[in-house]
Amino acid sequence: MLSPESTAVVQATAGVVAEHAEEITKRFYPHMFAAHPELLRVFNKANQAIGEQPKALAASVVAYAVNLIDPDAPDFTPIMQRIAHKHVSLGIKSYEYTIVGHHLMWAIGDVLGDAVTPEIAAAWDEVYWLFACQLIAEEGKLYALGGTDPEHPWRRYSVVERSDETEESFSLVIKPVEGDLPEHRTGQYVAVAVDLPGGERQPRQYTISGVPGREAFRLTIKRVHGGDDVPDGQVSNWLADNAVVGTVLDVSQPAGDVILDDSEDPLVLVSAGIGITPMAAILEDLSQRQPHRSVRVFHADRSHGTQALYTSMRGQAEAMHDVVGQFWYEEDAENAPTIHPARAGLMDLTDAEIPSGAKVFMCGPLPFMQAARKALLAKGVPAEHIRYEVFGPDLWAQNPDAA
């Protein structure tokens with residue numbers, strides 16, 4: 001709990017800090033990396049380049065501060081848990097919070113200047129450390145549950161199979177070099193860290209899209225091509241060019257809070273592009289453990305030829321009792337060999353059949369999920385029944401109702 005003195009200061013200054021939060025985080029990252037270049041091996045350089053990481057950090061810190069001073073603010077626990085899962089997948093260590101805190105407070109002073117009195121600095125330092133200590137505790141619990149030593153968070157996996165899904169996506173089946181496959185929950189992801197040319201090291205998170213034989217993880221990866229101010233995906237392209245059978249990769253423990261439950265509730269799976277990967281994992285699991293469970297699969301893609309995992313998902317759906325799929329393709333929808341005729345254009349859920357009491361899982365680009373959520377809410381689906389996974393920093397968590 002924030003001290004009464006700091007509560008009064010944060011209440012008085014939260015608006016100013018929020019107004020400048022993104023500028024503060026943009027100053028913070030370069031300053032920290034200049035002093036600690038080793039942290040560049042932890043943070044996604046692409047998210048830094050396009051500004052998503054600073055935005056996500058700014059939104060998280062402000063939302064946490066508001067939660068401390070406003071008893072009517074939404075519960076911050078789900079956001080905290082999501083951040084902790086991301087951090088554990090990246091091997092974040094508790095002592096690194098000291099580094100982050102030092103440079104974040106420097107950035108606040110640098111942006112706000114003389115307005116940051118000692119009292120204001122102390123109050124926001126208290127906010128940060130409350131935030132950090134809660135994250136450290138949550139991450140410690142996740143490391144312990146995963147049997148991971150935080151000082152050695154990476155485990156060696158060997159690629160035992162590789163297959164092309166489409167021209168731009170491929171699947172790697174990976175197995176631990178030593179020991180058994182770790183426990184995981186359907187819908188989770190792992191991070192893969194690779195050493196790139198020039199001595200760089202970068203981690204990226206990929207959904208566990210299947211568990212072949214219950215002895216290995218399948219990761220389905222899209223080669224990311226850049227454009228405009230967005231760089232090519234360093235890790236996805238390295239894996240596309242170099243990960244063959246026998247390649248050994250550094251892989252994190254499974255993480256992620258958007259997971260399949262064991263209830264009997266109907267499920268609605270809504271995805272676009274490579275966002276189909278957690279849906280593939282869910283359908284594989286259900287076909288083996290709950291083939292009677294009702295499922296509706298709604299997916300949008302550029303074309304049928306760019307849709308990853310279609311064949312395996314169709315086989316799993318045919319083994320179940322009540323699965324209905326509907327697909328939207330921007331190109332050549334009329335010729336797509338789907339069971340139900342594909343529709344042309346972008347996904348439109350206006351006339352979609354949503355079973356009563358259904359739980360919804362979504363994954364895809366942020367604007368796509370915002371539109372899908374709006375349509376589902378209009379059809380009477382409760383907001384608390386809609387879960388989503390986002391690749392990269394979660395820019396939606398603090399304000400899911402934003403259009």
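Per-structure values
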quantity	calculated
Residue count, segment 260-292 (criterion: among the small types (Gly, Ala, Ser) and in contact with a Leu (Cβ under 7 Å, 6 or more places away or on another chain))	1
Of the criteria (1) under 21 Å from Glu19 (Cα atoms); (2) in contact with a helix residue (DSSP H, G or I) (Cβ under 7 Å, 6 or more places away or on another chain); (3) touching a residue at least 40 places away in the same chain (Cβ under 8 Å), which one Pro150 fails	(1)
Those helices (runs of 4 or more DSSP H) lying entirely in segment 22-101 with at least 1 residues within 16 Å of Glu138 (Cβ to Cβ)	52-69, 77-90
Flag if Ser236 is among the hydroxyl-bearing types (Ser, Thr, Tyr), over 21 Å from Ala300 (Cα atoms) and within 18 Å of the chain's Cα centre (by Cα)	yes
Residue under evaluation Gln205, criteria (1) part of a loop (DSSP other than H, G, I, E, B); (2) surrounded by 18 or more Cβ atoms within 10 Å (Cβ to Cβ), criterion not met	(1)
Residue match in segment 380-388 (condition: among the β-branched types (Val, Ile, Thr) and part of a loop (DSSP other than H, G, I, E, B))	yes
Selection within segment 284-297 - farther than 15 Å from Arg185 by Cβ and either surrounded by 24 or more Cβ atoms within 10 Å (Cβ to Cβ) or free of Cβ contacts under 8 Å to residues at least 60 places away in the same chain (or both)	Ser287, Pro291, His292, Arg293, Val295, Val297
Sole exception among (1) touching a Phe, Trp or Tyr at 6+ places or on another chain (Cβ under 9 Å); (2) closer than 13 Å to Thr277 by Cα; (3) not acidic (Asp, Glu) for Arg218, by number	(1)
Criterion violated by Glu165 - all others in (1) in contact with a strand residue (DSSP E or B) (Cβ under 7 Å, 6 or more places away or on another chain); (2) under 23 Å from His31 (Cα atoms) satisfied	(2)
Residue among Val192, Val159, Val177 that is within 22 Å of the chain's Cα centre (by Cα) and either surrounded by fewer than 16 Cβ atoms within 10 Å (Cβ to Cβ) or among the aliphatic types (A, V, I, L, M) (or both)	Val192
Index of the failed condition, Val42 passing every other in (1) touching a residue at least 24 places away in the same chain (Cβ under 8 Å); (2) of a type in the set (A, V, I, L, M); (3) more than 30 Å from Val194 (Cβ to Cβ)	(3)
Residue satisfying all of: in segment 336-393; free of Cβ contacts under 8 Å to residues at least 40 places away in the same chain and among the acidic types (Asp, Glu); farthest from Gly273 (Cα to Cα) among these	Glu384
Sole residue being of a type outside the set (Ser, Thr, Tyr), outside the structural domain of Thr166 (by TED's automatic domain parsing) and part of a loop (DSSP other than H, G, I, E, B), chosen from Pro291, Pro278	Pro291
Residue among Ile120, Ile108, Ile92, Ile69 that alone is assigned by TED's automatic domain parsing to the domain that holds Ile24, buried (at least 18 other Cβ atoms within 10 Å of the Cβ) and either farther than 17 Å from Ala56 by Cα or in contact with a Ser or Thr (Cβ under 7 Å, 6 or more places away or on another chain) (or both)	Ile120
Subset of segment 307-322 [in a loop (DSSP other than H, G, I, E, B) and within 24 Å of Asp265 (Cα to Cα)]	Ala319, Met320, His321, Asp322
Residue list for segment 317-335, filter: among the aliphatic types (A, V, I, L, M) and farther than 20 Å from Thr277 by Cα	Ala333
Residues of segment 165-188 satisfying the condition of being closer than 16 Å to Thr247 by Cβ and in a strand (DSSP E or B)	Phe170, Ser171, Leu172, Val173, Ile174, Lys175, Pro176
Checklist (1) aliphatic (A, V, I, L, M); (2) without any contact (Cβ under 8 Å) to a residue 60 or more places away in the chain; (3) part of a strand (DSSP E or B) applied to Ala191, failing item	(2)
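Each row is one residue, and each column tells you yes or no for (1) of a type outside the set (A, V, I, L, M); (2) over 20 Å from the mean Cα position of the chain (by Cα).
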residue	(1), (2)
Leu112	no, yes
Pro118	yes, yes
Asp125	yes, yes
Leu130	no, yes
Cys133	yes, yes
Gly140	yes, no
Tyr143	yes, no
Gly147	yes, yes
Pro150	yes, yes
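The values are calculated or read from the model by the stated rules, or taken from the named source; none is laboratory data. Not measured: the values here are computed from a predicted model. Neighbour counts run over all protein chains shown; Cβ positions are idealised from the backbone, glycine included.
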